[in-house]
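S.K.: My questions will all concern the structure given below.
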Number of protein chains: 2
Amino acid sequence: MGKEGNTQLIIIGGGEDKRTDKEILKEIVRLSGEDRTNIAVITTATNYPLEVGEEYKRLFYDLGVNRVDTINIASRKEANHRQIVKSLKDIDCVFFVGGDQLRISSILGGTEFHHYIQKQIEEGLIIAGTSAGASMMSEVMVVEGDEEDAPRKCTVKMAPGMGFLKGVIIDQHFNQRGRIGRLLGAVAQNPYTLGLGIDEDTAVIVNKEKELRVIGSGVITIVDGKDIGYTNISEQNPDEPLAITNVKVHILPTGYKYNLKNKTAIILDQERKEIEEDRK
Amino acid sequence: MGKEGNTQLIIIGGGEDKRTDKEILKEIVRLSGEDRTNIAVITTATNYPLEVGEEYKRLFYDLGVNRVDTINIASRKEANHRQIVKSLKDIDCVFFVGGDQLRISSILGGTEFHHYIQKQIEEGLIIAGTSAGASMMSEVMVVEGDEEDAPRKCTVKMAPGMGFLKGVIIDQHFNQRGRIGRLLGAVAQNPYTLGLGIDEDTAVIVNKEKELRVIGSGVITIVDGKDIGYTNISEQNPDEPLAITNVKVHILPTGYKYNLKNKTAIILDQERKEIEEDRK
């Protein structure tokens, strides 16, 4: 297949650059096998599947991939059809466009399509997604919540996601839309779950060893609640301001890594330099 | 003087409610001595000293204070004039309105007025301020910085503040303007300094023991950098995204306290209930 290493997921915070250096899209192509790669663009999340599908088709072909299929699964019936799974036979990377994460989970969750791609991750299929296509990656996903406001106890709305990445709640357009409050609220509800906020034009690449690597022009924000000393989250009045102490936060830009298994940032300057050298 | 306890500073994140319950303004009046209190409103920060001064005058008189003086010091010469200090003789609380914190520091910093009120804190004078009037309280204040963007290494601009509160950098309109990134950047530059983000319609009351108490409808965000494991802040390229690991964050709403001396949140449910009972 010609794929580099053991990449499983490419999770993009929305707004990836499509005009100038296209760093993130290029990295998707590179990791999926360059000119031999076949990409399926899944347009289920958007209300404009034709336009959005065509845009990514053009972008990926410009970056030199072998084949791009756009697949607009618009109903559970289609998602359970034998033909869908057949159509993914030679695909190296499934790319989920943005839109509404509830469209992805409600139309694709638990279908043959879902089971197939989940299983194929172990066989080397890369699942990539941007914006709504990023949020849906986790087991529990943020659907809605206050932005640019004091964190409230329980106003963040969550729903079951597609479960490609365990133990993490992902939020996108993160610093651009002032979403730290709602991610803190989500983590406070179960500090076992790690909060992962991804900026626009920024992506996290997840490998088999559950190491995250950051690329793009912004940062990722990791909210680790394991040392939380106190929170008022269980009390009544969901729209009361949140209290929470001892939350650990990491901010990581391009080149930095984070190990999901032991919940620590990996700072290897040497390695980082090598990555940068590699790109020149 | 009839003042309650040992309040020294009342630091408001801007946008305090002036129409309905006026919780924060009422608390200023209560802590300064109720109907016996004399308040001086300092309009130096604003370009509309007359309008803003009159508004606070009306508000404080409506809340039953004894006397409100509005003082518009517009030059260092005025701030060094003997008359200014004399005019503060019977004042229980000096209230700084919002506007531009650099106007406060550049016009008042190091003047007779500044020295006098600083000294008078020990004698029981309360210093209150909102928005720019909050930022200027610390030794180093945030002047400008990116909002709703990935944290950058060194794009936050700081300047010497008025030094009423040591060891803290204050930012206001905090969650409303997506300012976590710039406060993280400020703390990363010297993790010895504690970051204090105050939401709109939210205030921190600081007493002699350097305990903070939160009131109002939002939250305060405390950014404690003492355990920072790594940051790229010292490197070149100031507008590169920031890397920072192991930042400790606390979110505290009304009724909660924080001890600046040992940098810990104080969670006393019993005490909290008593405070709430008190207000009914």
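The values are calculated or read from the model by the stated rules, or taken from the named source; none is laboratory data. Note that the coordinates shown come from a computational prediction; the quantities given were computed from them, not determined experimentally. As a convention, Cβ positions derive from the backbone with ideal geometry for all residues, glycine included, and neighbour counts pool all protein chains shown. Only protein heavy atoms, including side chains, enter the accessible area calculation; ligands, DNA and RNA are left aside. Shrake-Rupley method; radii C 1.70, N 1.55, O 1.52, S 1.80 Å.
S.K.: Within the stretch A:234-251, can you find the residues that are buried (at least 23 other Cβ atoms within 10 Å of the Cβ) and either within 13 Å of the chain's Cα centre (by Cα) or touching a residue at least 40 places away in the same chain (Cβ under 8 Å) (or both)?
M.R.: A:Pro241, A:Leu242, A:Ile244, A:Val247
S.K.: Also, quick follow-up: With B:Gly185, B:Gly229 as the choices, which residue is among the small types (Gly, Ala, Ser), open to solvent by 50 Å² or more (accessible area, probe 1.4 Å) and over 24 Å from A:Asn232 (Cβ atoms)?
M.R.: Values: B:Gly185 fails: open to solvent by 50 Å² or more (accessible area, probe 1.4 Å).
Answer to the check: B:Gly229.
S.K.: All but one of (1) within 14 Å of chain B (Cβ to nearest Cβ); (2) touching a Pro at 6+ places or on another chain (Cβ under 7 Å) hold for A:Ser105; which doesn't?
M.R.: (1)
S.K.: May I ask you to say which residue of A:Lys153, A:Lys210, A:Lys157 is out of contact with any strand residue (DSSP E or B) (no Cβ under 6 Å at 6 or more places or on another chain), more than 10 Å from chain B (Cβ to nearest Cβ) and not acidic (Asp, Glu)?
M.R.: On the way: A:Lys153 fails: more than 10 Å from chain B (Cβ to nearest Cβ); A:Lys157 fails: out of contact with any strand residue (DSSP E or B) (no Cβ under 6 Å at 6 or more places or on another chain).
Only one candidate passes the filter, namely A:Lys210.
S.K.: Those residues that are among the aliphatic types (A, V, I, L, M) and either farther than 19 Å from A:Gly133 by Cα or in a loop (DSSP other than H, G, I, E, B) (or both), I need them from the stretch A:163-185; list them, please. Lay out the reasoning, then the answer.
M.R.: At the first step, the residues of the stretch A:163-185 found to be among the aliphatic types (A, V, I, L, M) are A:165, A:168-170, A:180, A:183-184.
Scanning the stretch A:163-185 gives A:Ile180, A:Leu184.
S.K.: Filter the stretch B:107-131 down to residues that are free of Cβ contacts under 8 Å to residues at least 24 places away in the same chain and either outside any helix (DSSP H, G or I) or of a type in the set (Gly, Ala, Ser) (or both), then give me how many there are. If you could, list the steps in order and put the result at the bottom.
M.R.: First, the residues of the stretch B:107-131 that are free of Cβ contacts under 8 Å to residues at least 24 places away in the same chain: B:110, B:115, B:119, B:122-123.
Narrowing the set further to residues that are either outside any helix (DSSP H, G or I) or of a type in the set (Gly, Ala, Ser) (or both) leaves B:110, B:122-123.
Residues meeting the conditions: 3.
S.K.: How about the stretch A:165-182: which of its residues are surrounded by 24 or more Cβ atoms within 10 Å (Cβ to Cβ), within 14 Å of chain B (Cβ to nearest Cβ) and within 14 Å of the chain's Cα centre (by Cα)?
M.R.: Answer for the stretch A:165-182, where residues must be surrounded by 24 or more Cβ atoms within 10 Å (Cβ to Cβ), within 14 Å of chain B (Cβ to nearest Cβ) and within 14 Å of the chain's Cα centre (by Cα): A:Asp171, A:Gln172, A:Phe174.
S.K.: Could you grab me the full set of residues in the stretch A:71-92 that are over 21 Å from A:Thr37 (Cα atoms) and among the acidic types (Asp, Glu)?
M.R.: The one that is over 21 Å from A:Thr37 (Cα atoms) and among the acidic types (Asp, Glu): A:Glu78.
S.K.: Now for a different question. So A:Lys226 ticks every box in (1) closer than 15 Å to A:Thr264 by Cβ; (2) in contact (Cβ under 8 Å) with a residue 40 or more places away in the chain but one. Which box is left unticked?
M.R.: The one condition A:Lys226 does not meet is (2).
S.K.: So how many residues does the stretch B:132-157 have that are open to solvent by 10 Å² or more (accessible area, probe 1.4 Å), part of a loop (DSSP other than H, G, I, E, B) and within 30 Å of A:Gly216 (Cβ to Cβ)?
M.R.: From the stretch B:132-157, those open to solvent by 10 Å² or more (accessible area, probe 1.4 Å) are B:139-140, B:143-149, B:152, B:154-157; that's our starting set.
Now drop any that are not part of a loop (DSSP other than H, G, I, E, B), which leaves B:139, B:145-149, B:154-156.
Within this subset, residues satisfying the condition of being within 30 Å of A:Gly216 (Cβ to Cβ) are B:145-149, B:154-156.
Count: 8.
Condition check ((1) more than 22 Å from the chain's Cα centre (by Cα); (2) open to solvent by less than 20 Å² (accessible area, probe 1.4 Å)) across all residues:
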residue	(1), (2)
B:Glu27	no, yes
B:Arg30	no, no
B:Leu50	yes, no
B:Glu55	no, no
B:Gly64	yes, no
B:Asp69	no, no
B:Ser87	yes, no
B:Asp92	no, yes
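S.K.: For the structure I just gave you, tell me whether A:Asp269 is at pLDDT below 90, within 13 Å of chain B (Cβ to nearest Cβ) and open to solvent by 10 Å² or more (accessible area, probe 1.4 Å). Please lay out each step first, then the result.
M.R.: Numbers: at pLDDT below 90: yes; within 13 Å of chain B (Cβ to nearest Cβ): yes; open to solvent by 10 Å² or more (accessible area, probe 1.4 Å): yes.
Yes, satisfied.
S.K.: Next question. Give me a count of the residues in the stretch B:187-202 that are closer than 26 Å to B:Phe95 by Cβ and within 13 Å of chain A (Cβ to nearest Cβ). Spell out the reasoning first.
M.R.: Going residue by residue through the stretch B:187-202, those that are closer than 26 Å to B:Phe95 by Cβ are B:193-202.
From what is left, the residues that are within 13 Å of chain A (Cβ to nearest Cβ) are B:195, B:197-202.
Of the residues in the stretch B:187-202, 7 are closer than 26 Å to B:Phe95 by Cβ and within 13 Å of chain A (Cβ to nearest Cβ).
S.K.: Here's a follow-up. Go through (1) within 9 Å of chain B (Cβ to nearest Cβ); (2) in contact (Cβ under 8 Å) with a residue 12 or more places away in the chain and name the single condition A:Thr264 misses.
M.R.: Among (1) within 9 Å of chain B (Cβ to nearest Cβ); (2) in contact (Cβ under 8 Å) with a residue 12 or more places away in the chain, A:Thr264 violates only (2).
Yes/no matrix, rows are residues, columns are (1) at pLDDT 95 or above; (2) under 22 Å from B:Glu200 (Cα atoms); (3) not hydrophobic (A, V, I, L, M, F, W, C):
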site	(1), (2), (3)
B:Tyr61	yes, no, yes
B:Gly98	yes, yes, yes
B:Glu122	no, no, yes
B:Gly133	yes, yes, yes
B:Asp149	no, yes, yes
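S.K.: Go through (1) out of contact with any helix residue (DSSP H, G or I) (no Cβ under 9 Å at 6 or more places or on another chain); (2) modelled with pLDDT of 95 or more one by one and return the number of the condition A:Lys86 breaks.
M.R.: Here A:Lys86 clears every test but (2).
S.K.: Exactly one condition in (1) modelled with pLDDT under 95; (2) assigned to a strand (DSSP E or B) is not met by A:Asp227; state its number.
M.R.: (2)
S.K.: Continuing with the same structure: Residue check: is A:Ala45 under 21 Å from the mean Cα position of the chain (by Cα), on the phi < 0 side of the Ramachandran plot and in contact (Cβ under 8 Å) with a residue 60 or more places away in the chain?
M.R.: Numbers: under 21 Å from the mean Cα position of the chain (by Cα): yes; on the phi < 0 side of the Ramachandran plot: yes; in contact (Cβ under 8 Å) with a residue 60 or more places away in the chain: yes.
Considered against the rule, which asks whether it is under 21 Å from the mean Cα position of the chain (by Cα), on the phi < 0 side of the Ramachandran plot and in contact (Cβ under 8 Å) with a residue 60 or more places away in the chain, A:Ala45 comes out as yes.
S.K.: Part of a helix (DSSP H, G or I) and in contact with a Lys or Arg (Cβ under 7 Å, 6 or more places away or on another chain): does that describe A:Leu59?
M.R.: When the stated conditions are applied, A:Leu59 passes them.
S.K.: Give me a count of the residues in the stretch A:215-253 that are within 7 Å of chain B (Cβ to nearest Cβ) and β-branched (Val, Ile, Thr).
M.R.: Total meeting the criteria: 6.
S.K.: Let me ask another. For the stretch A:81-99, enumerate the residues that are assigned to a loop (DSSP other than H, G, I, E, B), closer than 20 Å to A:Ala45 by Cα and touching a Gly at 6+ places or on another chain (Cβ under 9 Å). So that I can check it myself, show each step before the final result.
M.R.: The first filter runs over the stretch A:81-99 and keeps only residues assigned to a loop (DSSP other than H, G, I, E, B), leaving A:81, A:88-92, A:97-99.
Those still in the list that are closer than 20 Å to A:Ala45 by Cα too: A:81, A:88, A:91, A:97-99.
If the condition is that a residue be assigned to a loop (DSSP other than H, G, I, E, B), closer than 20 Å to A:Ala45 by Cα and touching a Gly at 6+ places or on another chain (Cβ under 9 Å), then A:Val97, A:Gly98, A:Gly99 are the ones that fit.
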